[in-house]
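J.: Got a structure for you, written out below as structure tokens; questions coming shortly.
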Amino acid sequence: MKIDHSQPLEYGTEQNKMNILGFWIFLGAEIMLFGTLFASYFTLENRIGSGPSGADIFEITPIIIETFLLLTSSFTIGLAIHAMRLGRQKAMLTFFGITLVLGLAFLSVEIYEFFHYVHVGAGLQTSAFSAILLTTLGTHGAHVTFGLLWGLGIILQIKKRGLTVETTNKSFIFSLYWHFLDVVWIFIFSFIYLKGLM
Amino acid sequence: MEFFERFAIPHPSPAIYASMVAIGLTVIAIIAGLTYFKKWGYIWREWLTTVDHKRIGIMYLISALLMLFRGGVDAIMMRSQLAVPGNTLLDAQHYNEIFTTHGIVMILFMAMPFIIALMNFVVPLQIGARDVAFPRLNALSFWLFFFAAMLFNISFVVGGSPDAGWTSYFPLAGNEHSPHVGTNYYMIAIQIAGLGTLMTGINFIVTILKMRAPGMTLMKMPMFTWSALITNVIIVFAFPVLTIALAMGTMDRLFGTHFFSIDNGGMDMLWANLFWVWGHPEVYILILPAFGIYSEVISTFARRNLYGYKSMVASMVIISLFSFLVWVHHFFTMGQGAFVNSIFSVTTMAIAVPTGIKIFNWLFTLWKGKIVMTTPMLYSMLFIPIFTIGGVTGVMLGMSAADYQYHNTMFLVAHFHLVIIPGVVFAMLAGLTYWWPKMFGFMLNERIGKWAAWLIAVGTCVAFFPMFISGLDGQARRMYTYSEATGFGFWNMLSFIGAGILAIGFVLIVYNIYYSTRYATRDIGADPWDARTLEWATHSPVPEYNFAITPEVNSSEALWDEKKKGHKLFKGSYQEIHMPSKSGVPFIMSAIFFVFGFAMIFSLWILAIVSLLGIFACLIHRSFEQDHGYHISVKEIEETEAKMGGAKG
Ligand code: HEM
Ligand SMILES: [Cu+2]
């Protein structure tokens with residue numbers, strides 16, 4: 001395997017560069033995926049049937065907590081990648097771990113939020129609005145869940161094998177994924193919650 | 001017992017029992033055959049675990065041909081039913097199921113794998129690469145498609161086929177109007193195949209952007225590679241829309257949500273919109289690679305370079321953008337109002353312009369060329385006039401006011417068959433014939449091939465031209481019968497005859513494959529067509545590593561330059577070659593996907609969860625495994641090159 005040392009390790013081989021480009025393209029597809037969900041959300045937003053509307057059910061506190069947790073985790077994964085570039089494995093693992101813990105906390109609040117919605121009568125089967133709301137949030141939440149498992153796998157691999165061309169590549173790609181989920185959340189926050197609360 | 005009742009066919013008939021027996025016997029025959037000839041190990045080692053783009057391409061090809069046969073049988077049944085007025089060969093329910101599966105099988109399980117087959121085989125060779133960017137992912141794409149196709153096809157004998165049309169419009173496709181599991185098959189099998197297609201899209205974009213031979217700038221890529229690049233970009237942007245639409249449809253059917261229902265705020269038109277936001281780009285996903293093939297074939301057999309290379313590229317880019325802006329033309333009659341309809345009429349007509357540019361470029365390529373009328377060229381020549389008729393009627397349909405007359409009639413059916421058949425099917429057959437020697441090391445018989453081409457072209461015209469007339473007379477599509485008094489009988493009889501001619505053409509192609517496998521000479525060299533692009537610069541059939549030495553390129557017709565202008569393609573000496581290793585995981589993971597899909601379709605939740613865990617286990621395995629591939633030594637390369645008839649370069 002030829003390693004190009006003029007580049008950061010995660011870009012070190014041709015395969016690594018292709019992995020990163022491939023992942024960017026995948027994120028393009030993800031943008032379409034969430035774009036479709038948002039478009040559907042805007043279409044169905046006011047079609048609440050006999051169920052509650054967004055203004056009836058949204059609670060600002062858990063939403064603020066979730067936003068804070070996820071945005072901070074995006075910052076810490078950035079720090080993790082920074083530490084990785086400096087070759088400081090321990091610092092990197094610490095930040096990586098904090099990221100996952102924050103993600104887990106986010107997920108817990110989101111699960112609470114879901115229980116709340118069902119409790120106040122906005123279940124999956126209530127109306128077109130409730131269905132698209134839970135589906136959009138759920139798709140994002142499922143991505144976060146997947147990210148937690150994936151991130152855990154990467155941490156274990158770094159512990160076992162250290163910072164290699166492969167593990168750095170995976171970590172970098174994971175960070176792209178994590179930032180992306182953050183961006184999606186910002187859209188959810190602005191166009192679903194804030195718009196709904198107004 | 002109650003548990004098993006759900007797997008019963010809701011509406012059985014002798015034909016279905018016959019196919020159960022046929023499927024059973026085929027499976028037994030395959031298993032027995034493999035066991036008797038002791039081929040299990042061979043199949044596993046060389047095919048089921050392969051990550052070689054050429055073998056994956058060939059597997060796509062075989063699957064596509066099988067599905068062509070399945071879809072063809074559907075077609076013959078439909079045309080037989082309609083051949084005479086008041087026919088009772090099929091009843092309404094069976095007719096519904098058959099036109100539904102025909103559409104899905106032909107578009108998603110025949111045309112898609114066919115283009116992906118040729119892309120897989122040809123693109124890495126045309127750009128001088130060893131394989132695609134992610135060989136393992138490529139295998140996963142194939143196996144996901146393959147198991148999805150199998151899943152879809154068992155619907156016929158287990159639980160019942162979907163019957164709401166390939167467009168599966170709600171509320172018809174909802175539980176109330178389609179109570180049996182057929183539409184679940186639609187939602188889930190297409191979802192699984194779509195995942196595979198999306199991965200193909202990503203894989204090929206990276207391959208084409210990153211793995212081109214030295215010297216091959218973007219504007220020096222062969223036209224088929226260009227078309228593949230643009231097609232894959234459309235795939236990446238269009239398929240996620242389908243993913244979401246199918247997920248919402250699945251939830252409506254399985255979890256009682258109200259996305260597309262007519263009560264509790266649901267909106268049936270949302271499905272129609274999402275479906276066609278994917279659906280119209282999808283027709284261009286099919287046609288652009290076909291255009292790429294025609295560009296290669298026409299320039300090879302006109303013995304001159306392609307006219308208007310830049311405008312070819314530009315028109316494809318424009319088509320890919322516009323393809324996302326026309327979807328409403330599929331439901332002009334469904335209540336948008338005149339303003340919206342007018343906008344989409346204009347975009348629809350505009351898309352015919354870049355298409356027209358391409359047609360003129362081909363004509364100009366032919367104009368001063370020295371035409372050699374081989375079978376692939378014959379298909380191309382038959383394509384131009386028939387496709388133009390299909391395209392012009394498309395523009396007619398695109399005029400929203402007039403579409404109130406044409407919509408949902410046989411006129412529409414004539415339009416899309418007359419673009420898809422000459423556009424996609426002819427192109428695939430041309431490509432198949434053209435690249436066959438590269439795949440298998442011998443040529444298909446030209447005489448039989450030309451007979452087949454003519455029969456298929458004549459059959460297409462005879463089968464579909466009458467539909468323009470009966471459609472304008474008011475014959476609706478998707479009706480299982482009509483009365484004598486309508487006067488449609490004559491035109492439908494003609495269509496039936498045309499379908500028969502088409503069928504004979506396809507049988508001839510199968511016969512040709514058999515005949516040529518037995519009798520054709522294997523002594524054809526690397527470049528039997530006197531072609532122009534890189535794939536012809538290596539041996540036929542292609543060695544596992546594609547090129548012993550990575551070629552260096554100076555134009556879009558690198559091989560032609562070597563032959564005529566003294567360009568040197570292969571410089572330097574043999575080096576050790578790095579290859580990706582085989583893996584059974586894509587196959588196993590996709591098989592688990594099959595089980596997962598089946599469990600979802602029949603709401604077997606425990607099985608669904610267990611198989612989902614299995615899928616995760618495969619992902620985890622992949623993440624933790626360390627696989628650096630293997631190397632082919634210089635000595636092995638020398639031996640292979642010698643065995644293949646001397647070194648290249
Ligand atoms: C010259 C460019 C084309 C134009 C202007 C055009 C226009 C149209 C319009 C307006 C319709 C809807 C008519 C109706 O439902 O009343 C339609 C349907 C259709 N077109 Fe085209 N088309 C073009 C090219 C193509 C190509 C290249 C393909 C495929 C390779 C294609 C495949 C289809 C299919 C499959 C349908 C019908 C789907 C269904 O309702 O089941 N078209 N076309
Ligand atoms: Cu269209």
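J.: If we scan the stretch B:561-581, do we find a residue that is acidic (Asp, Glu) and open to solvent by less than 30 Å² (accessible area, probe 1.4 Å)?
T.: First, the residues of the stretch B:561-581 that are acidic (Asp, Glu): B:561-562, B:576.
Restricting the remaining residues to those that are open to solvent by less than 30 Å² (accessible area, probe 1.4 Å) gives B:561.
Checked against the condition, which is being acidic (Asp, Glu) and open to solvent by less than 30 Å² (accessible area, probe 1.4 Å), the stretch B:561-581 yields at least one hit.
J.: Further question on the same structure: State which residue is nearest to A:Leu133 (Cα to Cα) when the search covers only the stretch A:18-53 and only residues that are in contact with an Asp or Glu (Cβ under 9 Å, 6 or more places away or on another chain) and at the interface with chain B (Cβ under 7 Å from one of its Cβ atoms).
T.: A:Ile48
J.: Which numbered condition in (1) within 13 Å of another protein chain (Cβ to nearest Cβ); (2) over 22 Å from A:Gln15 (Cα atoms); (3) touching a helix residue (DSSP H, G or I) at 6+ places or on another chain (Cβ under 7 Å) is the only one that A:His179 fails?
T.: (1)
J.: Take the stretch A:125-150 and flag every residue that is surrounded by fewer than 19 Cβ atoms within 10 Å (Cβ to Cβ) and over 14 Å from the mean Cα position of the chain (by Cα).
T.: A:Gln125
J.: Can you spot a residue in the stretch A:22-31 that is under 24 Å from A:Ile111 (Cβ atoms) and in contact (Cβ under 8 Å) with a residue 12 or more places away in the chain? I'd like the intermediate steps shown before the answer.
T.: Kept after step one, since they are under 24 Å from A:Ile111 (Cβ atoms), are these residues of the stretch A:22-31: A:30.
This time we only want the ones that are in contact (Cβ under 8 Å) with a residue 12 or more places away in the chain, so: A:30.
Checking the stretch A:22-31: at least one residue is under 24 Å from A:Ile111 (Cβ atoms) and in contact (Cβ under 8 Å) with a residue 12 or more places away in the chain.
J.: Give the number of residues within the stretch B:300-312 that are open to solvent by less than 10 Å² (accessible area, probe 1.4 Å) and either β-branched (Val, Ile, Thr) or part of a helix (DSSP H, G or I) (or both). Can you show your working first?
T.: Taking the stretch B:300-312 as the starting set, the residues that turn out to be open to solvent by less than 10 Å² (accessible area, probe 1.4 Å) are B:300-302, B:312.
Subset that is either β-branched (Val, Ile, Thr) or part of a helix (DSSP H, G or I) (or both): B:300-301, B:312.
Count: 3.
J.: Go through the stretch B:315-360 and give me each residue that's open to solvent by 10 Å² or more (accessible area, probe 1.4 Å), more than 16 Å from ligand 2 (Cβ to nearest atom) and in contact with a Gly (Cβ under 9 Å, 6 or more places away or on another chain).
T.: B:Gly356, B:Ile357, B:Ile359, B:Phe360, listed by residue number.
J.: Here is a follow-up. Answer yes or no as to whether B:Ala453 is open to solvent by less than 40 Å² (accessible area, probe 1.4 Å), more than 16 Å from ligand 2 (Cβ to nearest atom) and either part of a helix (DSSP H, G or I) or within 14 Å of another protein chain (Cβ to nearest Cβ) (or both). Let's see the steps before the verdict.
T.: Values: open to solvent by less than 40 Å² (accessible area, probe 1.4 Å): yes; more than 16 Å from ligand 2 (Cβ to nearest atom): yes; either part of a helix (DSSP H, G or I) or within 14 Å of another protein chain (Cβ to nearest Cβ) (or both): yes.
When the stated conditions are applied, B:Ala453 passes them.
J.: Could you please find all residues in the stretch A:10-61 being among the hydrophobic types (A, V, I, L, M, F, W, C), part of a helix (DSSP H, G or I), within 26 Å of A:Met198 (Cβ to Cβ) and open to solvent by less than 30 Å² (accessible area, probe 1.4 Å)?
T.: Step one: filter the stretch A:10-61 for residues among the hydrophobic types (A, V, I, L, M, F, W, C), giving A:18, A:20-21, A:23-27, A:29, A:31-34, A:37-39, A:42, A:44, A:48, A:55, A:57-58, A:60.
Checking which are part of a helix (DSSP H, G or I) leaves us with A:18, A:20-21, A:23-27, A:29, A:31-34, A:37-39, A:42, A:44, A:55, A:57, A:60.
Narrowing the set further to residues that are within 26 Å of A:Met198 (Cβ to Cβ) leaves A:31, A:34, A:37-39, A:42, A:44, A:55, A:57, A:60.
Once the filter is applied, which keeps residues that are among the hydrophobic types (A, V, I, L, M, F, W, C), part of a helix (DSSP H, G or I), within 26 Å of A:Met198 (Cβ to Cβ) and open to solvent by less than 30 Å² (accessible area, probe 1.4 Å), the stretch A:10-61 yields A:Phe34, A:Leu37, A:Phe38, A:Leu44, A:Ile57.
J.: Only one of (1) surrounded by 20 or more Cβ atoms within 10 Å (Cβ to Cβ); (2) under 25 Å from A:Gly35 (Cβ atoms); (3) within 24 Å of the chain's Cα centre (by Cα); (4) more than 9 Å from chain A (Cβ to nearest Cβ) fails for B:Gly292. Which number is that?
T.: For B:Gly292, the failing item is (2).
J.: Moving to a separate point now. Look through the stretch B:254-290, keep the residues that are at negative phi and among the polar types (S, T, N, Q), and return whichever of them is farthest from ligand 2 (Cβ to nearest atom).
T.: From the stretch B:254-290, those at negative phi are B:254-255, B:257-263, B:266-290; that's our starting set.
Checking the rest, the ones that are also among the polar types (S, T, N, Q) come to B:257, B:261, B:273.
Details: B:Thr257: 28, B:Ser261: 26, B:Asn273: 13 Å.
Looking at the filtered set, the residue picked out is B:Thr257.
J.: Under the condition of being at pLDDT below 95 and more than 7 Å from ligand 1 (Cβ to nearest atom), which residue from the stretch B:397-412 is most open to solvent (accessible area, probe 1.4 Å)?
T.: Filtering the stretch B:397-412 for residues that are at pLDDT below 95 and more than 7 Å from ligand 1 (Cβ to nearest atom), the one most open to solvent (accessible area, probe 1.4 Å) comes out as B:Tyr404.
J.: Now a separate question. If I ask for residues that are near ligand 1 (Cβ under 8 Å from one of its atoms) and of a type outside the set (Val, Ile, Thr), which ones from the stretch B:322-355 would you list?
T.: Of everything in the stretch B:322-355, those that are near ligand 1 (Cβ under 8 Å from one of its atoms) and of a type outside the set (Val, Ile, Thr) turn out to be B:His329, B:His330, B:Phe331, B:Phe332, B:Met349, B:Ala352.
J.: So, one more: If I filter the stretch B:372-390 for residues that are within 16 Å of ligand 2 (Cβ to nearest atom) and more than 14 Å from chain A (Cβ to nearest Cβ), do I get at least one hit? Reasoning before the result, please.
T.: Our first condition is that a residue be within 16 Å of ligand 2 (Cβ to nearest atom); within the stretch B:372-390, this holds for B:387, B:390.
Narrowing further to those that are more than 14 Å from chain A (Cβ to nearest Cβ): B:387, B:390.
Checking the stretch B:372-390: at least one residue is within 16 Å of ligand 2 (Cβ to nearest atom) and more than 14 Å from chain A (Cβ to nearest Cβ).
J.: Then there's this: Do you know which residues across the stretch A:177-198 are under 20 Å from A:Phe96 (Cα atoms) and open to solvent by less than 20 Å² (accessible area, probe 1.4 Å)?
T.: Within the stretch A:177-198, the first condition is being under 20 Å from A:Phe96 (Cα atoms), and the residues that meet it are A:177-183, A:185.
Those that are under 20 Å from A:Phe96 (Cα atoms) and open to solvent by less than 20 Å² (accessible area, probe 1.4 Å): A:Tyr177, A:Trp178, A:Leu181, A:Asp182, A:Trp185.
Results for (1) of a type outside the set (Val, Ile, Thr); (2) assigned to a helix (DSSP H, G or I); (3) crowded, with 23+ Cβ neighbours inside 10 Å, shown as yes or no for each residue.
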residue	(1), (2), (3)
B:Ala193	yes, yes, yes
B:Gly196	yes, yes, yes
B:Asn203	yes, yes, yes
B:Met248	yes, yes, yes
B:His258	yes, no, yes
B:Leu274	yes, yes, yes
B:Gly279	yes, yes, no
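The values are calculated or read from the model by the stated rules, or taken from the named source; none is laboratory data. Worth saying up front: this structure is predicted, and the values here are computed from it rather than measured. Cβ coordinates were reconstructed from backbone atoms using ideal geometry, including for glycine residues, and neighbour counts include every protein chain displayed. Surface areas here come from the heavy atoms of the whole protein model, side chains and all, with no ligands, DNA or RNA. Shrake-Rupley method; radii C 1.70, N 1.55, O 1.52, S 1.80 Å.
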